[in-house]
Amino acid sequence: AVTLGATTGPQGVILKGGALAPAYHVVAGLCAASGAPRIEARSSAPSSIAAFAYKTRDGTVLWLANLTPEKASVKIAGLKGPVLLHAISEASFAATSRNPHFLRQGGRKLARPGTLNLAPYAAVRIAT
């Protein structure tokens with residue numbers, strides 16, 4: 001369950017002027033998991049990298065979040081490619097702050113997930 005202190009404003013997912021905070025896409029993406037069967041996703045460093053996965057009718061969705069102010073290299077095992085990756089980070093802020101449909105459009109296609117480099121505090125959604 002997610003409880004928001006505010007939906008708009010400096011602590012919300014919609015910022016002043018209507019821009020979307022990066023958390024908007026995380027909340028929107030996780031809302032899509034409502035009712036979906038959760039599957040095991042383990043991080044070897046759970047205090048640094050959070051992992052959450054679930055099944056959809058189309059395949060598997062894995063969310064990873066770098067919980068640290070440092071870049072992190074993450075090796076992904078157990079997912080078969082090809083996959084579609086959406087990254088939410090400081091580098092993608094301009095693209096994500098004005099597009100409420102970011103997770104439904106584009107993304108980066110990978111033949112297989114392998115090893116990913118996550119920016120500080122980045123979240124990624126990987127869908128098979």
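The values are calculated or read from the model by the stated rules, or taken from the named source; none is laboratory data. Nothing here was measured: the structure is a model prediction, and the numbers come from that model. So basically every Cβ, Gly included, is an ideal-geometry build from the backbone, and we count neighbours across all protein chains shown. Surface accessibility is based on the protein's heavy atoms, side chains included, excluding ligands, DNA and RNA. Shrake-Rupley method; radii C 1.70, N 1.55, O 1.52, S 1.80 Å.
Worth a mention:
- Net charge dipole size for the chain [Lys, Arg +1 and Asp, Glu -1 on Cβ; Debye, nearest 20]: 360 debye
- Since only Ala119, Ile39, Gly59 are under comparison, the one whose Cα sits farthest along the positive direction of the charge dipole of the chain, derived from C-beta charges on Lys, Arg, Asp and Glu, is Gly59.
- The packing ranking of peptides 50-59, 85-94, highest mean first, is 85-94, 50-59, where packing means the average number of other beta carbon atoms within 10 angstrom of each residue.
- Lysine pair count for the chain [Cα-Cα under 20 Å; pairs on different chains or 8 or more apart]: 4
- Between Arg112 and Leu15, the contour length at 0.36 nm per residue exceeds the Cα-Cα span by 31.4 nm.
- Stokes-Einstein diffusion coefficient of region 49-108, Kirkwood radius over Cα pairs, 4 °C, 1.567 mPa s, in µm²/s: 97 µm²/s
- Of all DSSP beta bridges confined to the chain, the antiparallel ones make up roughly 95%.
- Rel. contact order, % - alpha carbon contacts under 8 angstrom, at least six apart, the chain: 27 percent
- 0 to 90° range, to nearest 10: angle between helix 22-31 axis and the chain longest Cα axis: 60 degrees
- With q set to 0.19 Å⁻¹, the log10 of I(q)/I(0) for the chain, from the Debye formula over equal scatterers at the Cα positions, is -1.16.
- For the chain, the per residue solvent-accessible surface stands at 63 Å², with DNA, RNA and ligands left out and a 1.4 Å probe.
- In whole angstrom, region 5-44 maps to an equivalent ellipsoid with semi-axes of 27, 12, 8, each derived as √(5λ) from the alpha carbon gyration tensor and ordered largest first.
- Helical contribution to [θ] at 222 nm, DSSP H n ≥ 4, -39,500 (n - 2.57), averaged over the chain, rounded to 500: -2500 deg cm²/dmol
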